[in-house]
Amino acid sequence: MQELIEHQKKALLIFTHAQANNTNTETQVYDTLACQELERLVENIGLKIEGTHSFRLAKPNASTFLGKGQVEDLYTLCKEKQIDIVVFNAHIGPRIQRNLEDRLACCVIDREEVIIQIFADRAQTAEAKIQAELASLRYSLPRLNRKWTQLSQQRGGAFHSRGAGETKLELSRRVAKTKIAQLNEKLTQVEKLRTTQRKRRLNTAIPIGSIIGYTNSGKSSLLQLLSKQETSVQDKLFATLDAQTKKVYLAPGKYTLLTDTVGFVDNLPHDLIDAFKSTLEETYYSDFLIIVCDASTPAIDKYLDVTLSVLKDLRCDEKKQILFINKMDSVYSKEKVDKIKARFPIVVEGSVLKKAGIETLMEKIQEVTGIR
């Protein structure tokens, strides 16, 4: 994983689509949202977006992902716009990444690297920093021989003196593997502490819940409203990386513990899922879940499916669930909302901003926890 240097670089965003000309309106809407999401992600790592470009592919080229003519067109475009960094919305493997950098004469990254960079930048606590650096190094390991290292500096500190006959690449790999092992050991110690804290909570009769959902759907704002305590609330992607647990009083002297978890995103990098395992495990040990949806987005159904898919991966899909449909004051599609409501036994419509539906949500929490 590479860390971009401080002064702003010019970026060109690249989207690829199937060769067939798909006129499906729904697909076009999702493509537009994917473009907007990548733009927000790229802006969050401090790049200046000079434009976007789309290519249609019958089949990805094994060597350069794009076809020969498309690579030439992209090279011309990068030269004209003086592009520093090309950002693909699709996953780009290490070999393809190196080949493209050679042919385009600029840095090439993908959406996965952008997300990992954001996590690394946003990490605040010791645990989050360890998790983010671990994900960064795991992603970087097969990419250490990339050409465009002048645009970044390798995470993990300076390299030490090398042994006889050891190349710079071999040294880089050895240092990275050593650092990964050290971080894994640190994370193991943190996980032991978290497990001890979790056991203390589980040994009480206090019900525990988790607030989950797509990134920037309003989870932290909801926790703040329910707990009446200040939490970190920011209008940006992945504002919350550390699990925040707050007391939510449901009756005099009786309360539940609610945890705000890291926001999900489509195709969340596996390196991040693995590194943030201990944080995501808070969801696994919860008694119930509050799934937050954003009614103002056209992709409410797609984002919900992403959330449910991650829950299934975490083996949490059978837990008691309350669906909270947020931002109903600016709903995009009532038809989509109605279809989603039909999929869940417990649904609350509301708006955190307008403080609407909160009393009803508290009643539903009482129902699933049995606290009256």
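Below, the figures for the structure above:
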{"item": "Whether region 286-331 is rounded, prolate or oblate, judged on the alpha carbon gyration tensor where a/c under 1.5 counts as rounded", "result": "oblate"}
{"item": "By accessible area with a 1.4 Å probe, ligands and nucleic acids excluded, highest first: order of ARG103, ARG98, ARG111", "result": "ARG103, ARG98, ARG111"}
{"item": "29 Å Cα-Cα threshold exceeded, pairs from LYS48/LYS336; LYS48/LYS129; LYS199/LYS339", "result": "LYS48/LYS336; LYS199/LYS339"}
{"item": "q = 0.22 Å⁻¹: log10 I(q)/I(0) that the Debye formula gives for region 54-139, counting C-alpha atoms only", "result": "-1.02"}
{"item": "Average accessible surface area per residue within region 31-76, 1.4 Å rolling probe, Å²", "result": "53"}
{"item": "Rounded to the nearest 10 Å², the accessible area of GLU26 at probe 1.4 Å", "result": "70"}
{"item": "Prolate/oblate/rounded label for region 277-372 (Cα gyration tensor, a/c 1.5)", "result": "oblate"}
{"item": "Distance violations [Cα-Cα > 25 Å] among LYS192/LYS219; LYS219/LYS341; LYS254/LYS302; LYS9/LYS168", "result": "LYS192/LYS219; LYS254/LYS302; LYS9/LYS168"}
{"item": "For ARG343, solvent-accessible area (1.4 Å; no DNA, RNA or ligand), Å²", "result": "120"}
{"item": "Heavy-atom accessible area ranking, 1.4 Å probe, most first, across GLU359, GLU335", "result": "GLU359, GLU335"}
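The values are calculated or read from the model by the stated rules, or taken from the named source; none is laboratory data. Everything numeric here is computed off the predicted structure, so don't read it as measured data. Ligands, DNA and RNA are stripped out before the accessible areas are found, and what is left, the full protein with its side chains, is counted by its heavy atoms. Shrake-Rupley method; radii C 1.70, N 1.55, O 1.52, S 1.80 Å.
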